[in-house]
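Peer 1: The structure that follows is given in the form of structure tokens.
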Amino acid sequence: MPLFGRDWGHVPHHAARPRFEEPLTWENLCAVFDGCADFARRELRCAGGCPVRLCWLDGMVRQERLNDYILRPLAAWPLPEGAGVAEAVRAGGVWNQNAERQEALERVVYLLLEGHCALFFPDGVLTCWVATEEKRAITQPENESEVKGAKESFVESVRTNTSLLRRRLRAPDLKVERCRIGRRTRTPVEMVWLEEIADPALPRAVRRRLEEIDEDALLTTAELEEYLTDPRATAFPRVLFTERPDRFCQGLLCGRVGLLVDGIPLGCLVPGNLGLFLTATQDWSFHWAVSSLLIGLRYLCMALTLVLPGFYIAVAQFHFELIPTRLAMSIIASRQDVPFPTAFEVLGLLAAFEILQEAGIRLPRTIGQTISIIGGLVVGQAAVDAKIVSPVVVIVVAVAGITGFTMPNQDFANALRLWRLMLAVCGAVTGVFGLTVGAAFLIAHLASLESFGVPYLAPFALRAGAEVRGGLLCREPVPEDKLRPAELRPRNRRRRW
């Protein structure tokens, strides 16, 4: 039945994109911004007596630019009344490099929203760029810190982000293509790729996905990611978001396509696969042997955080004979006074661990450390002393949680958290058999995923005919790593001679 007199099960079609089809006049423009307290306007006369009407949005323009480069030249330059005034001003009457003549009301409206001012002359309308350009300073990366790497991170200004790329990739084939997404926000999105390296089909596919986005706004990463990827029910990310310009440039040099969104201090790289999410920028800063050890350690930690809680439940409840005798006696002694079954202990402690993690993230930084200490005391020591959980369960859950923190990508780590709970439930229902079935389903699920035609399990799984070179769980020495990843099908496969 309709809820509150409305059928919430019916999703109506999107309304047509709002357009301003009225003629470009001063009265129509003022009507568009009627009721906007930040819409400022002024009427003045130039030195020659020519009337000029000026309007802008307060807070979007820099007052010094408006006064020094627009108002001062107009007041000093004698402009006679009559035809050709607007063209004379555009040719040099104002000190602005972006003075453009406009004919459409809609164009002027959106330019005002971007930080332009509009000049109405008797024979035409000009717009001049006087935006404030207020932005956050470039700071160190907060979530992807590195000992031997650069100390710069992306900011919310898309033009500042492209300048960070140009400083590292001084290549003329670095292409930057802009589009706008969002009927209300008109958010600038810039697609970046190296034309001589990336597969030509990849930018076309990304451009087609961007053109299909029909949203009111583009304000978060999920609104972009879920349109770029296929609509599959999966928790694993297929788009890499990074705050490091050097990591972003490495992806472009491999043949990937990047996206920079105005207002989001992250760079987006497509396509994404398992190997990309398990590598960090520091892997190219350390010695190849150390980096290979760290990469192998991450794969081991991924397996532990997924399987360890479910395996302990399965062995402790269904296959206790698999535990060595002395260890089994120690586990039995620690669980003598615990009233709950093993599955309830592990699942309850996993839930408490997730709650504490979310609480630490949401609370202010000064209080988050206090919550960590209190949570460690309550969930750990106090729960063991009260005989609610056994010490072995605390150790198992702690090891599973700590190994999950070794993942370089937070989106990938969140997917592992979800599957860790699911595999623990499988182990609690049917033991090792259920855990094995769950793990097999996970592998099959990952094998079925693709991102812009690239298998998700690359480089372990490639298409027929693709060449695999180098180690899968290690990094080759830089002089020997001569080829770019085959799964990306780059135009120029060779990296170095």
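Peer 1: Please enumerate the residues belonging to region 329-344 that are part of a helix (DSSP H, G or I) and open to solvent by less than 80 Å² (accessible area, probe 1.4 Å). Spell out how you get there, then give the answer.
Peer 2: Start the filter on region 329-344 by keeping residues that are part of a helix (DSSP H, G or I), which leaves 329-334, 342-344.
If the condition is that a residue be part of a helix (DSSP H, G or I) and open to solvent by less than 80 Å² (accessible area, probe 1.4 Å), then Ser330, Ile331, Ala333, Ser334, Thr342, Ala343 are the ones that fit.
Peer 1: Given the residues Ala31, Ala47, which is the only one that is open to solvent by 30 Å² or more (accessible area, probe 1.4 Å) and part of a helix (DSSP H, G or I)? Spell out the reasoning first.
Peer 2: Details: Ala47 fails: part of a helix (DSSP H, G or I).
The match here is Ala31.
Peer 1: Can we say Val155 is part of a loop (DSSP other than H, G, I, E, B), surrounded by 13 or more Cβ atoms within 10 Å (Cβ to Cβ), in contact with a helix residue (DSSP H, G or I) (Cβ under 7 Å, 6 or more places away or on another chain) and among the aliphatic types (A, V, I, L, M)? Explain how you work it out, then say what you get.
Peer 2: Working: part of a loop (DSSP other than H, G, I, E, B): yes; surrounded by 13 or more Cβ atoms within 10 Å (Cβ to Cβ): yes; in contact with a helix residue (DSSP H, G or I) (Cβ under 7 Å, 6 or more places away or on another chain): yes; among the aliphatic types (A, V, I, L, M): yes.
Yes.
Peer 1: Quick check on my filter: what residues within region 292-306 are among the hydroxyl-bearing types (Ser, Thr, Tyr) and either farther than 16 Å from Ala413 by Cβ or open to solvent by less than 20 Å² (accessible area, probe 1.4 Å) (or both)?
Peer 2: From region 292-306, those among the hydroxyl-bearing types (Ser, Thr, Tyr) are 292, 299, 305; that's our starting set.
Listed by number, the residues that qualify are Ser292, Thr305.
Peer 1: Thr279: open to solvent by less than 30 Å² (accessible area, probe 1.4 Å), modelled with pLDDT under 95 and in a loop (DSSP other than H, G, I, E, B), yes or no?
Peer 2: Working: open to solvent by less than 30 Å² (accessible area, probe 1.4 Å): yes; modelled with pLDDT under 95: yes; in a loop (DSSP other than H, G, I, E, B): yes.
Judged against the criteria, Thr279 is a match.
Peer 1: Tell me which residues, restricted to region 246-276, are outside any helix (DSSP H, G or I), open to solvent by less than 30 Å² (accessible area, probe 1.4 Å), among the aliphatic types (A, V, I, L, M) and in contact with a strand residue (DSSP E or B) (Cβ under 6 Å, 6 or more places away or on another chain). Before you say what the answer is, go through the steps one by one.
Peer 2: Step one: list which residues in region 246-276 are outside any helix (DSSP H, G or I), which gives 255-273.
Then drop every residue that is not open to solvent by less than 30 Å² (accessible area, probe 1.4 Å), which leaves 255-261, 264, 267-273.
Narrowing the set further to residues that are among the aliphatic types (A, V, I, L, M) leaves 257, 259-261, 264, 269-270.
Within region 246-276, Val257, Leu259, Leu260, Val261, Leu269, Val270 meet the criteria.
Peer 1: Looking for something out of contact with any Asp or Glu (no Cβ under 7 Å at 6 or more places or on another chain), open to solvent by less than 30 Å² (accessible area, probe 1.4 Å) and modelled with pLDDT of 85 or more - is there at least one such residue anywhere in region 456-472?
Peer 2: Looking only at region 456-472, we keep the residues that are out of contact with any Asp or Glu (no Cβ under 7 Å at 6 or more places or on another chain), and these are 457, 460-461, 463-465, 467-469, 471-472.
Next cut, open to solvent by less than 30 Å² (accessible area, probe 1.4 Å) only: none.
Within region 456-472, none of the residues are out of contact with any Asp or Glu (no Cβ under 7 Å at 6 or more places or on another chain), open to solvent by less than 30 Å² (accessible area, probe 1.4 Å) and modelled with pLDDT of 85 or more.
Peer 1: Something else: Return a yes/no flag: does region 231-243 have any residue that is touching a Lys or Arg at 6+ places or on another chain (Cβ under 8 Å), in contact (Cβ under 8 Å) with a residue 12 or more places away in the chain and crowded, with 16+ Cβ neighbours inside 10 Å. Give the derivation first.
Peer 2: Looking only at region 231-243, we keep the residues that are touching a Lys or Arg at 6+ places or on another chain (Cβ under 8 Å), and these are none.
Within region 231-243, none of the residues are touching a Lys or Arg at 6+ places or on another chain (Cβ under 8 Å), in contact (Cβ under 8 Å) with a residue 12 or more places away in the chain and crowded, with 16+ Cβ neighbours inside 10 Å.
Peer 1: Another one. Which pairs do you get when a residue that is on the phi > 0 side of the Ramachandran plot, found in region 421-440, comes within reach of a residue that is surrounded by fewer than 23 Cβ atoms within 10 Å (Cβ to Cβ) and outside any helix (DSSP H, G or I), reach meaning Cβ atoms under 8 angstrom, with the pair 6+ apart or on two chains?
Peer 2: Gly431/Phe318; Gly431/His319
Peer 1: If you don't mind, there's one more thing I want to ask. Which residue is surrounded by the fewest Cβ atoms within 10 Å (Cβ to Cβ), if the candidates are limited to region 315-328 and must be within 13 Å of Pro341 (Cβ to Cβ) and under 42 Å from the mean Cα position of the chain (by Cα)?
Peer 2: Looking at residues that are within 13 Å of Pro341 (Cβ to Cβ) and under 42 Å from the mean Cα position of the chain (by Cα), I get Gln317.
Peer 1: Go through region 158-181 and give me each residue that's part of a loop (DSSP other than H, G, I, E, B) and open to solvent by 70 Å² or more (accessible area, probe 1.4 Å).
Peer 2: Arg170, Pro172
Peer 1: Looking at region 191-207, is at least one residue over 18 Å from Gly453 (Cβ atoms) and either surrounded by 16 or more Cβ atoms within 10 Å (Cβ to Cβ) or within 16 Å of the chain's Cα centre (by Cα) (or both)? Break it down stepwise before answering.
Peer 2: First, pick out the residues of region 191-207 that are over 18 Å from Gly453 (Cβ atoms): 192, 194-196.
Checking which are either surrounded by 16 or more Cβ atoms within 10 Å (Cβ to Cβ) or within 16 Å of the chain's Cα centre (by Cα) (or both) leaves us with 192, 194.
Yes.
Peer 1: For a quick check of your reading of the model, give me the residue pairs whose first member lies in region 324-352 and is of a type in the set (Lys, Arg), whose second is open to solvent by less than 50 Å² (accessible area, probe 1.4 Å), with beta-carbon atoms closer than 8 Å and at least 6 apart or on different chains.
Peer 2: Short answer, once both residue conditions are applied: Arg335/Thr342; Arg335/Ser390; Arg335/Val392.
Peer 1: Out of all the residues in region 88-103, which are part of a loop (DSSP other than H, G, I, E, B) and open to solvent by 40 Å² or more (accessible area, probe 1.4 Å)?
Peer 2: Of everything in region 88-103, those that are part of a loop (DSSP other than H, G, I, E, B) and open to solvent by 40 Å² or more (accessible area, probe 1.4 Å) turn out to be Trp95, Gln97, Asn98, Glu103.
Conditions (1) open to solvent by less than 80 Å² (accessible area, probe 1.4 Å); (2) at pLDDT below 85; (3) in a helix (DSSP H, G or I), marked per residue:
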site: Ile361; (1), (2), (3): no, yes, yes
site: Thr366; (1), (2), (3): no, yes, yes
site: Thr370; (1), (2), (3): yes, yes, yes
site: Val389; (1), (2), (3): yes, yes, no
site: Ile395; (1), (2), (3): no, no, yes
site: Thr403; (1), (2), (3): yes, no, yes
site: Leu416; (1), (2), (3): yes, no, yes
site: Arg420; (1), (2), (3): yes, no, yes
site: Gly434; (1), (2), (3): yes, no, yes
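Peer 1: Just to be sure, is Gly296 in a loop (DSSP other than H, G, I, E, B) and touching a Leu at 6+ places or on another chain (Cβ under 8 Å)? If you could, list the steps in order and put the result at the bottom.
Peer 2: Numbers: in a loop (DSSP other than H, G, I, E, B): no; touching a Leu at 6+ places or on another chain (Cβ under 8 Å): yes.
No; evaluated as a whole, the condition is false for this residue.
The values are calculated or read from the model by the stated rules, or taken from the named source; none is laboratory data. Computed from a prediction, not measured in an experiment: that's the story for all the values here. Methodologically, a virtual Cβ is constructed for each residue, glycine included, from the backbone with ideal geometry; neighbour enumeration extends over all protein chains shown. Accessible surface areas use protein heavy atoms only, side chains included; no ligands, DNA or RNA. Shrake-Rupley method; radii C 1.70, N 1.55, O 1.52, S 1.80 Å.
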